[in-house]
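Read the figures in this text as sums done on the coordinates, not as results from a lab. Remember, predicted model here, so these are calculated numbers, not experimental data. Positions of Cβ are backbone-derived with ideal geometry, glycine not excepted, and every protein chain shown enters the neighbour counts.
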Amino acid sequence: MDAAEERARLVKALQGEGYLRDPRVAEAMLRVPREHFLREERDEAYRDTPLPIGSGQTISAPHMVAMMTEALDLGPGMRVLEVGTGSGYHAAVVAEVLGPSGKVFSVERVPELAERARASLASAGYPAGRVEVVVGDGSLGWPAEAPYDRAYVTCAAPSLPAAILGQLRPDGLLLAPVGDRLLQHLILARVGQGGVETKDLGRCVFVPLVGAHGFPGEA
């Protein structure tokens, strides 16, 4: 079975398990080659599991990428902030849903991962004009390109990052794992005129957010 067939099998399984309902997200996951964003364990690319990518980080399990991408309710042409580039795979899926008129701004704290992600994204067809990877403290968001229509965090935060909420447009959405170092809840927050409304999408486990608004003592 080749990679395209394995991708199709994975997408069908995620649909059958209820993780993947939006046909736009399904099509995006069919288009983005997950194996392209791995240096090792490429033969495991289409298992529904996180995989190591170096520097103590992981590429998220496909079902989590599907759930998070759907929850953001993305539309063509949106500007999206991602905190925690990692391998670049999640950003590529989001960019596919946004289409060529949209853009993902992705913040990664580890320079080596950022450099590797840029190369993987570019060679997979997602140049800086569609996914721009920058190095910085993602817990502070990326104010230089604000405001954003959507934002999501791919590492666990002790609370919803206030700086990122402040960089969203009115009615914008922030999706982030919130909790302690061992267990979090995936929280969807909407910025409205009356304040911030939140919805709990269920339990999850992510690596800790590092930075000014991350967990103290993380390096």
What are the ³J(HN,Hα) couplings of segment 30-40, residue after residue, when phi is run through the Karplus curve with 6.51, -1.76, 1.60 and θ = phi - 60°? Round to Hz, x for glycine and proline.
6, 8, 8, x, 4, 4, 5, 9, 10, 8, 10
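May I ask you to sort F215, F206 by Cβ crowding, counting other Cβ atoms within 10 Å and putting the fewest first? Each step should come with its number before you reach the end.
Working: F215 16, F206 23.
Final ranking by Cβ density, sparse to dense: F215, F206.
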Within a 10 angstrom radius of the beta carbon, how do C204, C155 rank from fewest other beta carbons to most?
C204, C155
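With Rg and the Kirkwood Rh both taken from Cα atoms, where does Rg over Rh land for segment 67-117?
Working: Rg = 10.9 Å, Rh = 11.2 Å.
Answer for segment 67-117: 0.98.
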Column: log10 I(q)/I(0), Debye, Cα scatterers of the chain, q = 0.09, 0.13 Å⁻¹:
-0.31, -0.67
Could you compute Rg(Cα) / (2.2 N^0.38 Å) for segment 95-190, with N its residue count?
1.10
For A119 and E41 in the same chain, what is the full-extension length gain: residue separation times 0.36 nm, less their Cα-Cα distance, in nm?
26.2 nm
Expected vector for segment 47-60, Karplus 3J(HN,Hα) from phi with 6.51, -1.76, 1.60 and θ = phi - 60°, integer Hz, x for Gly and Pro, equals 7, 7, 8, x, 9, x, 10, x, 6, x, 10, 9, 8, 5
Amide N of segment 43-57 lying under 16 Å from the label point, which is placed 7 angstrom from the Cα of A13 along Cα→Cβ
43-51
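Set the Förster radius R0 to 22 Å, insert the Cβ-Cβ distance between R21 and R203 as r into 1/(1 + (r/R0)^6), and round the FRET efficiency to 0.05.
On the way: r = 20 Å, r/R0 = 0.90.
Taking R0 as 22 Å, the efficiency between R21 and R203 is 0.65.
For the chain, which span is the longest to avoid every loop-located (per DSSP) member of trypsin sites (Lys or Arg not before Pro) having at most 12 other Cβ atoms inside 10 Å? Please report the intermediate quantities before stating the final value.
Values: sites that count: R21, R39.
Of all site-free stretches, the longest is 40-219.
Taking other Cβ within 10 Å of each residue's Cβ, how do L121, L201 sort, fewest first?
Numbers: L121 27, L201 15.
Lowest count first: L201, L121.
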